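Presented below is the structure to which this report refers.
The values are calculated or read from the model by the stated rules, or taken from the named source; none is laboratory data. Predicted model only: the values in this text are computed from it and were never measured. Ligands, DNA and RNA are excluded from the accessible area calculation, which covers all protein heavy atoms including side chains. Shrake-Rupley method; radii C 1.70, N 1.55, O 1.52, S 1.80 Å.
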Amino acid sequence: MNVQPLLDALGIQEDAAGATADDLRTQIGELQARLREAEIHLEHLAITRKTVTALADRIPARADSSDLPEHPDYPRILAVFNEATGPLRARDVCEALDHELLPRNIEGTRAKLKRLVKLDIITKAGTGSFTRKQ
């Protein structure tokens with residue numbers, strides 16, 4: 001009995017199985033690289049979520065521009081409050097706006113702050129102190 005044809009057929013099958021195994025190893029390597037990329041992306045998203053959650057109370061209060069009186073100081077005043085870490089007095093706002101610290105400028109700023117309180121854009125935090133809406 002001649003086994004050579006049988007051995008030849010077996011060799012062909014072994015070559016095919018080896019090629020399939022090589023292809024699968026290549027695919028596994030590519031999938032592992034894609035998996036690593038996806039896991040890194042997930043980590044970045046988790047860090048971003050944590051950062052956004054931690055800063056959620058610092059998101060600037062946005063008043064609709066149509067809600068603001070027509071004076072160039074009002075958007076600037078809101079920007080000062082958005083950067084503030086606590087309540088501000090009229091003098092603090094005046095200083096942040098680079099106005100001279102004269103009584104008329106401080107009183108004018110206080111009047112603008114009171115108007116923003118009436119418009120429910122900022123709140124009064126105590127006697128003479130104002131803060132952004134939470």
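Under a Gaussian network description of the chain, with springs only between Cα atoms under 10 Å, the residue in I47, I77, I28 that fluctuates furthest is I28. Largest mean-square fluctuation among L24, L55, L102, in a Gaussian network model of the chain whose springs join Cα atoms under 10 Å apart, belongs to L24. Between K114, K50, K124, the Gaussian network model of the chain with springs among Cα atoms under 10 angstrom shows the greatest mean-square fluctuation at K50. Which lysines have a Cα lying under 24 Å from the Cα of K124, excluding residues fewer than 8 positions away in the same chain? Answer for K124, where 24 Å is the Cα cut-off: K112, K114, K133, listed by chain and number. Which percent of the accessible heavy-atom area of the chain goes to carbon and sulfur, probe 1.4 angstrom? Answer for the chain: carbon and sulfur cover 56 percent of the accessible area. Over the chain, what number does the Rg to Rh ratio reach, with both radii from the alpha-carbon atoms and Rh per Kirkwood? Result for the chain is an Rg/Rh of 1.66. Between the Cα long axis of helix 73-83 and the first principal axis of the chain there is an angle of about 50°, rounded to the nearest 10.
Per residue, the solvent-accessible area of the chain (1.4 Å probe, heavy atoms of protein chains only, all protein chains present) comes to 76 Å². Between the Cα long axis of helix 4-55 and the first principal axis of the chain there is an angle of about 10°, rounded to the nearest 10. Principal-axis analysis of the Cα atoms of the chain puts helix 103-118 at an angle of about 60° to the longest axis.
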